[in-house]
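Taking it in order: structure first as structure tokens, then the write-up.
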Ligand SMILES: [Zn+2]
Ligand SMILES: [Zn+2]
């Protein structure tokens, strides 16, 4: 997704519409595996402060629930807005977001690589109330119950040898 900005820079046009739907397997070399095509919609315009990028990025990636490890589809949709500047830009000129480009073309994948981290949920869950895996036996507690917790909580079934240990801790 490399876009030539020639015409914009030469001011032959004042706006370049972008509309892509591309099959991209991964973002950042496999860090995010996509299960839908990557959609990019928006424009780059000539403003009195330079080229301004305004796009919406949309895709779905596959991850694992952080509690039960089930495969989860994670839809992502976000806006990328900011000025395109060359690397000798003056920071004081911009309060807005900026993206450095080489001066003649823009790689949209590069822009996505730079912005994606802010859009990914910190914790991916299959559902808000996912019960996760039992930490003792690994049973998926969304599907079935195990008896690990009951045993641990029920004083009557504690092995007498351990009961003694328990008393020791109690007096501590
Ligand atoms: Zn889960
Ligand atoms: Zn268990």
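Rule-based calculations on the coordinates, nothing more; no lab input. As the structure is a computational prediction, the values presented were derived from the model and not from experiment. Here the Cβ positions follow ideal geometry from the backbone for every residue, glycine too, while neighbour counts run over all protein chains shown.
Can you grab the distance from the C-alpha centre of region 69-106 to the C-alpha centre of region 118-139, Å, no decimals?
31
What does the C-alpha gyration tensor say about the overall shape of region 2-118? Classify as rounded when a/c is under 1.5, otherwise prolate if a/b is larger than b/c, or oblate. Write out the running numbers ahead of the final one.
On the way: a/c = 2.70, a/b = 2.00, b/c = 1.35.
Judged from the Cα gyration tensor, region 2-118 comes out prolate (a/c at least 1.5, a/b above b/c).
Going by C-beta contacts inside 10 Å, put 123, 145 in order with the fewest on the left. List each step's numbers first, then the result.
Values: 123 7, 145 11.
Ranked by crowding around the Cβ, least crowded first: 123, 145.
At a 10 Å Cβ-Cβ cut-off, how would you order 14, 129, 54, fewest neighbours first?
Ascending Cβ contact count within 10 Å gives the list 129, 14, 54.
Rounded to the nearest 500, what is the chain's calculated 222 nm mean residue ellipticity when only DSSP H runs of at least 4 contribute -39500 (n - 2.57) each, over all residues?
-4500 deg cm²/dmol
By how many degrees, between 0 and 90 and to the nearest 10, does the Cα long axis of helix 160-171 differ from the longest principal axis of the chain?
Long axis of 160-171 versus the principal axis of the chain: about 70 degrees.
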